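Trainee: Could you have a look at this structure, given as structure tokens, before my questions?
The values are calculated or read from the model by the stated rules, or taken from the named source; none is laboratory data. The shown structure was predicted, so the numbers you read here are calculated from the model rather than taken from an experiment. We place every Cβ from the backbone using ideal geometry, glycine too, and count neighbours over all the protein chains shown.
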Amino acid sequence: MRKKIVAGNWKMNNDLDQTIDLIKELKSAISKTEVDIMIAPSFPFLKVAFDLTENTNIEVISQNVNENNSGAFTGEVSVKMLKSIGLSTTLIGHSERRALYYENDDLLLKKINFALENEMNVIFCFGEELSDRKSGKYFEVIKNQLDNTIIKLKSNQLKNIVLAYEPVWAIGTGETATADQAQEMHSYIRSYISERFNLEVAQNISILYGGSVKPINASEIFSKADVDGGLIGGAALNSSDFLKIIEANT
Ligand code: 13P
């Protein structure tokens, strides 16, 4: 059975005190739940966050990782570094990395392979732009993004991957894909994985939706058959909103 997940991508928000406060608020309110809960604070606070969440059901994950082992890569963070502080999962391919830091599919595939080879799980993000949605080419764009990355992996690697469909036009805009639009795309992605790998791989892979998920729309989106949870930006910075979104996936 595939996992239900709610992950908070904090992006470049929260200083040390805010990181500690938010984690404490979450810890005090989260009870036993079948949902896997993840948070992705900024690099400087990952160790503090990891320590604070030990023995809880909150997993601390990274927002990004480099595709090399070590060396002269100023400003970058390696898989080995993340693992040395206890992390075992990273986001790769967030649309902000693609758009603002020019990370393309070739690079993202390298990152995925390197992370998986070094026993780090991956949440792989992808999604179409507004112009692709408007021109009706969104399935084609998503197919392309998957063809260049996930489809090049071996089927046994997919058990350590979670997919996150994040339409760029819905990220941070307050404009969410409707639950039906999310389901339509998630079902397309799952069928595509099934065609290219097999039904079992497709049934077992979690596919998250990301893009302006809020307490008010979370239940409807998560109620869809192929939506296994969410990757949450803005609403993950507020403990009460994030907790409501987790609750909506139970
Ligand atoms: P928002 O929830 O703020 O739209 O961000 C979504 C996102 O980018 C999560 O990775």
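Trainee: So, in the range 86-101, of the ones that are hydroxyl-bearing (Ser, Thr, Tyr) and not in a loop (DSSP other than H, G, I, E, B), which residue ends up nearest to the ligand (Cβ to nearest atom)? Give the derivation first.
Mentor: Looking only at the range 86-101, we keep the residues that are hydroxyl-bearing (Ser, Thr, Tyr), and these are 88-90, 95, 101.
If we keep only those that are not in a loop (DSSP other than H, G, I, E, B) as well, we get 89-90, 95.
Working: THR89: 14, THR90: 13, SER95: 7 Å.
Among those that are hydroxyl-bearing (Ser, Thr, Tyr) and not in a loop (DSSP other than H, G, I, E, B), it is SER95.
Trainee: Among the numbered conditions (1) more than 18 Å from GLY211 (Cβ to Cβ); (2) part of a helix (DSSP H, G or I); (3) without any contact (Cβ under 8 Å) to a residue 12 or more places away in the chain; (4) not acidic (Asp, Glu), tell me where SER131 comes up short.
Mentor: (1)
Trainee: What are the residues in the range 109-127 that are under 22 Å from ILE5 (Cα atoms) and either of a type in the set (A, V, I, L, M) or part of a loop (DSSP other than H, G, I, E, B) (or both), if any?
Mentor: ILE112, ALA115, LEU116, GLU119, MET120, VAL122, ILE123, GLY127
Trainee: If you don't mind, there's one more thing I want to ask. Can you confirm whether the range 114-124 contains a residue that is of a type in the set (Val, Ile, Thr) and more than 18 Å from ILE207 (Cα to Cα)?
Mentor: No: the range 114-124 contains no residue that is of a type in the set (Val, Ile, Thr) and more than 18 Å from ILE207 (Cα to Cα).
Trainee: Checking SER62 against (1) without any contact (Cβ under 8 Å) to a residue 40 or more places away in the chain; (2) away from the ligand (no atom under 16 Å from the Cβ); (3) surrounded by 16 or more Cβ atoms within 10 Å (Cβ to Cβ), which test does it fail?
Mentor: Condition (2) is where SER62 drops out.
Trainee: Another question, if that's okay. Would you mind finding the one in THR56, THR89, THR149 that is in contact with a helix residue (DSSP H, G or I) (Cβ under 6 Å, 6 or more places away or on another chain) and closer than 23 Å to LEU16 by Cα?
Mentor: Details: THR89 fails: in contact with a helix residue (DSSP H, G or I) (Cβ under 6 Å, 6 or more places away or on another chain); THR149 fails: closer than 23 Å to LEU16 by Cα.
After applying the criteria, what remains is THR56.
Trainee: A further question follows. Of all residues in the range 202-223, which are of a type outside the set (Val, Ile, Thr), assigned to a loop (DSSP other than H, G, I, E, B), surrounded by 17 or more Cβ atoms within 10 Å (Cβ to Cβ) and away from the ligand (no atom under 13 Å from the Cβ)?
Mentor: SER206
Trainee: Just checking, how many residues over the range 1-19 are on the phi < 0 side of the Ramachandran plot, outside any strand (DSSP E or B) and touching a Leu at 6+ places or on another chain (Cβ under 7 Å)?
Mentor: 2
Trainee: Which residue pairs have Cβ atoms closer than 6 Å, lie 6 or more positions apart in sequence or on different chains, and pair a first residue in the range 14-35 that is over 12 Å from GLU247 (Cβ atoms) and of a type in the set (D, E, K, R) with a second residue that is part of a helix (DSSP H, G or I) and modelled with pLDDT of 95 or more?
Mentor: From the range 14-35, the pairs are GLU25/SER239.
Trainee: Another one. Output the residues belonging to the range 224-240 that are within 15 Å of the ligand (Cβ to nearest atom), more than 22 Å from SER31 (Cβ to Cβ) and of a type in the set (A, V, I, L, M, F, W, C).
Mentor: If the condition is that a residue be within 15 Å of the ligand (Cβ to nearest atom), more than 22 Å from SER31 (Cβ to Cβ) and of a type in the set (A, V, I, L, M, F, W, C), then VAL227, LEU231 are the ones that fit.
Trainee: With the condition kept exactly as written, say whether any residue in the range 34-41 is away from the ligand (no atom under 15 Å from the Cβ) and part of a helix (DSSP H, G or I).
Mentor: Looking through the range 34-41, none of the residues is away from the ligand (no atom under 15 Å from the Cβ) and part of a helix (DSSP H, G or I).
Trainee: To continue, here is another question. Out of the residues in the range 159-181 that are part of a helix (DSSP H, G or I) and more than 23 Å from ASN121 (Cβ to Cβ), which is nearest to the ligand (Cβ to nearest atom)?
Mentor: So the residue we want is ALA170.
Trainee: Okay, next question. Take LYS83 and decide whether it is out of contact with any Leu (no Cβ under 8 Å at 6 or more places or on another chain), closer than 25 Å to SER155 by Cβ, touching a residue at least 40 places away in the same chain (Cβ under 8 Å) and more than 14 Å from the ligand (Cβ to nearest atom).
Mentor: No; evaluated as a whole, the condition is false for this residue.
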